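Chemist: Shown below is the structure under consideration.
The values are calculated or read from the model by the stated rules, or taken from the named source; none is laboratory data. As the structure is a computational prediction, the values presented were derived from the model and not from experiment. Don't worry about glycine lacking a Cβ; one is built from the backbone with ideal geometry, like all the others, and counts go over all protein chains shown. Remember, those area values only see protein heavy atoms, side chains included, never the ligands or the DNA or RNA. Shrake-Rupley method; radii C 1.70, N 1.55, O 1.52, S 1.80 Å.
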Amino acid sequence: MRQKKGYRQALLIADLGFGDAGKGTMTDYLTRQTEAHTIVRYNGGPQAAHNVVTSAGQHHTFAQFGSGMLLPWTRTLLTNSMLINPLNMLKEARHLATLDIPNALARTQIAQQALIITPFQKTLNRLRELARGADRHGSCGEGIGECMADSLTYGQDILHAGDLYDRMSIRRKLTFIKDSKRAELDRLRPLLPALPAVQQECAIFSDKNCIEDCIDIYHHFASCVDIIDEKVIQNICNREGTLIFEGAQGVLLDEDFAFAPYSTWSHTTFANADAFLQTYNYEGEITRFGLLRAYATRHGAGPLPSEDPILTHTLPEAHNSWNDWQHSFRAGYFDLIAARYACRVIGKLDYLAITHLDRLPLFPACKITTAYRHTGHTDDLSGYFEHSDNRITGIQVHRPANLPHQEQLTRKLMACTPEYQILPKESNRANTQAAYLACIEAQLGIPVGLISTGPDERHKTCTPALHAS
């Protein structure tokens, strides 16, 4: 996939599921194949967990750096639509240094208007989730939603990357955020359970050193990275070579089209990437990849219509396990209904990328979810689904985005069970895989351009469809 001199291309990567489809490992592979000069992170923030394992034995979980940063020629650009936690990023840089990547921060460029997540916003995020008790939304507990809500409410009064050079600006904005979050905590207190975790989280508001410590850390962070203006970003876009746009989370978690309230405060489609390319008048070739696992997964609460506890038990995750905030990692069979919905939401896709194909032989049965059966009243399914009586064959996309509609959709999905197409398990593993991919390709109407059959770059393959382009 290396291109001739003077050629410019942008490769856009988005996860078509609930996240965890392999954005990190595919970004690493494409960086190697194209010698991409910049990885552009265009949504999300420190909640990302993009695992890259290399044939040399390196392993890093990328959260805020671009997942091509194990390669020395690559830089990271964090756009205005990213949310950044400098404390987390400094910690991530220290781990990269143990992998002989000592200069990750120096190779990172951050747009001035990128939002900074503060400890007070992270704390309120966690306390709200604790207050929900059994009705948790599946938050990662990193303050993403809290910071985004503050941005919508307070605008420039909250902290942005461009503020980090000036100690007075940091102090003024941190004090404002602390006071705002303390007032919100006072309103939340009656709903909080009597748990040690609540006391631990609340302690930050009585920590007299927190603001001064943050000022020191943020100011140091600003000296380590390159906080850039529009002109520098334009120059990056004008460079010859490859830009890789690495998304976070998944389309089925999108703030507008996910199954609310189990969603994120971020556009997980290509909306931010497209806006970026239009803003800077990008004239190179653009290729859009939609990533899917060979089976459905979800980390945290919310609908997963094809969920199968036996499959969850059969396919343990090396890098995804129970945690205090999202709780369980769940698995189900490949869901054509959900995948088709994600494709409709995201719009134009040039290729699919299918990962985790090496796990196909472990499936108790080789099957794909082709429909849902709704177990409740069927009179009100129209407007939400394509269906015949209680058999659902598609999810309708509601535009413009409408939160009450998405909440109703969620309730209806919770009353759905999967219907499967069973594929024969061939004696030859390659034939089974080929039949599986052919079924997905035919049903979604999009060619498979990339496949992954293992953890590192040796297990990634460009298909004939991509080679022919």
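Chemist: Under unit Cβ charges (Lys, Arg +1; Asp, Glu -1), what dipole magnitude, rounded to 20 debye, does segment 1-81 have relative to its Cα centre?
Modeler: Details: 8 positive and 4 negative charges, 90 e Å.
Around 440 debye, computed over segment 1-81.
Chemist: A further question follows. Taking segment 202-256, which GluC sites (Glu not before Pro) meet the DSSP loop condition and have no more than 13 other C-beta atoms within 10 Å?
Modeler: Values: sites: Glu212, Glu230, Glu240, Glu246, Glu255; in loops: Glu240, Glu255.
Answer by residue number: Glu240.
Chemist: Please name which of Ala203, Leu164, Leu11 has its Cα lying farthest along the dipole of the chain towards the positive end, using unit charges on Cβ (Lys, Arg +1; Asp, Glu -1) and the Cα centre as origin.
Modeler: Leu11
Chemist: If you count the DSSP beta bridges with both ends in the chain, what percent of them are antiparallel, to the nearest 5?
Modeler: For the chain, the DSSP antiparallel bridge percentage is about 40.
Chemist: Going by accessible area, probe 1.4 Å, with all protein chains left in place, what is the ranking of Ser55, Ser266, largest first? Present the calculation step by step, with values, prior to reporting the outcome.
Modeler: On the way: Ser55 55, Ser266 5 Å².
Listed by decreasing accessible area, they come as Ser55, Ser266.
Chemist: So, one more: List the lysines whose Cα lies under 26 Å from the Cα of Lys367, skipping any in the same chain that are fewer than 8 positions away.
Modeler: Lys23, Lys412, Lys425, Lys460
Chemist: Rounded to the nearest 500 deg cm²/dmol, what is the calculated helix-only ellipticity per residue at 222 nm for the chain, with -39500 (n - 2.57) per DSSP H run of length n ≥ 4?
Modeler: -10500 deg cm²/dmol
Chemist: Among the DSSP beta bridges whose two residues both lie in segment 4-144, what percent are antiparallel, rounded to the nearest 5?
Modeler: Counting DSSP beta bridges with both partners in segment 4-144, the antiparallel share is about 30 percent.
Chemist: How about segment 1-69: which trypsin sites (Lys or Arg not before Pro) there are in a DSSP loop, with at most 16 other Cβ atoms within 10 Å of their Cβ? Show your work: numbers first, answer last.
Modeler: Numbers: sites: Arg2, Lys4, Lys5, Arg8, Lys23, Arg32, Arg41; in loops: Arg2, Lys4, Lys5.
Those satisfying the criteria are Arg2, Lys4, Lys5.
Chemist: For segment 185-279, which trypsin sites (Lys or Arg not before Pro) are in a loop by DSSP, counting at most 10 other Cβ atoms within 10 Å?
Modeler: Of the trypsin sites (Lys or Arg not before Pro), the ones in loops of segment 185-279 whose Cβ has at most 10 other Cβ atoms within 10 Å are Lys208.
Chemist: Also, quick follow-up: Place a +1 charge on the Cβ of each Lys and Arg in the chain and a -1 charge on the Cβ of each Asp and Glu, then give the dipole magnitude about the Cα centre in debye, rounded to the nearest 20. Provide the component values of the computation, followed by the final result.
Modeler: Working: 46 positive and 50 negative charges, 87 e Å.
It comes to approximately 420 debye.
Chemist: Further question: Taking amide hydrogens as modeled 1.01 Å from N in the peptide plane, which residues meet the under 5 Å criterion relative to Glu386, leaving out close sequence neighbours?
Modeler: Amide H neighbours of Glu386: Thr393, Gly394, Ile395, Gln396.
Chemist: Can you compute 3J(HN,Hα) from phi for each residue in segment 334-343, using the Karplus curve 6.51 cos²θ - 1.76 cosθ + 1.60 with θ = phi - 60°, rounded to whole Hz and x for Gly and Pro?
Modeler: With coefficients 6.51, -1.76 and 1.60, one gets 3, 10, 5, 5, 5, 5, 5, 4, 4, 5 Hz.
Chemist: Here's another thing I want to ask about it. Relative contact order (percent) for segment 25-66, with alpha-carbon contacts under 8 angstrom and 6 or more residues of separation? Don't skip to the end; give the middle numbers.
Modeler: On the way: 36 pairs, mean separation 15.6, N = 42.
Once divided by the residue count of segment 25-66, the mean separation gives 37 percent.
Chemist: Would you please give the residues with an amide H less than 5 Å from that of Arg75, counting only those at least 5 places away or on a separate chain, with H modeled from the backbone geometry?
Modeler: Under 5 Å from the amide H of Arg75: Thr38, Ile39.
Chemist: Same structure again: So what is the accessible area of segment 182-235 per residue, in Å², with the probe set to 1.4 Å?
Modeler: Details: 3250 Å² over 54 residues.
With the other protein chains kept in place, segment 182-235 gives 60 Å² per residue.
Chemist: In terms of Cα to Cα distance under 20 Å, which lysines are near enough to Lys173, apart from those fewer than 8 places away along the same chain?
Modeler: Candidates past the 8-residue exclusion: Lys122, Lys181, Lys208.
Chemist: Within a Cβ distance under 13 Å of Arg458, other residues only, what is the Lys/Arg minus Asp/Glu net charge? Numbers along the way, then the final one.
Modeler: Values: positive: Arg32, Lys460; negative: Asp28, Asp358, Asp456, Glu457.
With Lys, Arg at +1 and Asp, Glu at -1, the neighbours total -2.
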